[in-house]
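Novice: There's a structure below that I have some questions on.
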Amino acid sequence: MPGRPVRIVLTILMDLLIIVAIALTVRMVVLFFGALSSTQWGEVISTLTDVVTLPLGIAAIKTPYGGVFDVNAAVTIGGLLLFEWVLSMARTRD
């Protein structure tokens, strides 16, 4: 029974990491298409997700759709999912 609160905390943290990864995926789609990123809600999404995107200094790649592929967001998503996987391994051992 002592491991139960730790398991709950790990589950909540894992869920938050997945939510942030989904938000960053939405950011990538919005920025990929220039028409979406120029809308008001597209700017809001970009501004909100700037906080959780790691500033790795990797230049964005221009797309043929008038937008950019945000490499920093892609790497951040990969890191978040890797960290979530590590937490899931720790949770199953609890």
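Novice: In deg cm²/dmol, rounded to 500, what helix-only [θ] at 222 nm does the chain give when every DSSP H run of at least 4 residues adds -39500 (n - 2.57) and the total is split over its residues? Numbers along the way, then the final one.
Specialist: On the way: 4 runs with 67 residues, N = 94.
Result for the chain, helices only: -24000 deg cm²/dmol.
Novice: Which ³J(HN,Hα) values, rounded to whole Hz and listed in residue order, are derived for segment 4-12 from phi using the Karplus coefficients 6.51, -1.76 and 1.60 in 6.51 cos²θ - 1.76 cosθ + 1.60 with θ = phi - 60°, glycine and proline given as x?
Specialist: Each residue's phi maps through the Karplus curve to give 4, x, 5, 4, 5, 5, 4, 5, 5 Hz.
Novice: Taking the solvent-accessible surface of protein heavy atoms with a 1.4 Å probe, what is the per residue accessible area of the chain in Å²?
Specialist: Details: 6180 Å² over 94 residues.
In whole numbers, the chain has 66 Å² accessible per residue.
Novice: What's the angle, to the nearest 10 degrees (0 to 90), between helix 71-93's Cα axis and the longest principal axis of the chain?
Specialist: Taking the Cα atoms of the chain, the angle to 71-93 is about 10 degrees.
Novice: So what's the gap between the Cα centers of segment 56-94 and segment 14-53, to the nearest angstrom?
Specialist: 12 Å
Novice: Ignoring ligands, DNA and RNA, what percent of the 1.4 Å accessible area of segment 1-47 is carbon and sulfur? Numbers along the way, then the final one.
Specialist: Working: 2320 of 3020 Å².
That fraction is 77 percent.
Novice: Helix 40-50 versus the longest principal axis of the chain: what is the Cα-based angle in degrees, 0 to 90, to the nearest 10?
Specialist: So the inclination is approximately 50 degrees.
Novice: Can you match log10 I(q)/I(0) by the Debye sum over Cα atoms at q = 0.10 Å⁻¹ to one of these, (1) -0.21; (2) -0.45; (3) -0.34, based on a calculation from the structure here?
Specialist: (3)
Novice: For a label point 7 angstrom out from the Cα of residue 87 toward its Cβ, which stretches of segment 1-37 have the backbone nitrogen within less than 17 Å?
Specialist: Within reach of a label on residue 87: 4-25.
The values are calculated or read from the model by the stated rules, or taken from the named source; none is laboratory data. Quantities reported herein were computed from a predicted structural model and do not represent experimental measurements. Counting neighbours? That spans all protein chains shown, and the Cβs are built from the backbone with ideal geometry, glycine included. All accessible areas refer to the heavy atoms of the entire protein, side chains included, with ligands and DNA or RNA removed. Shrake-Rupley method; radii C 1.70, N 1.55, O 1.52, S 1.80 Å.
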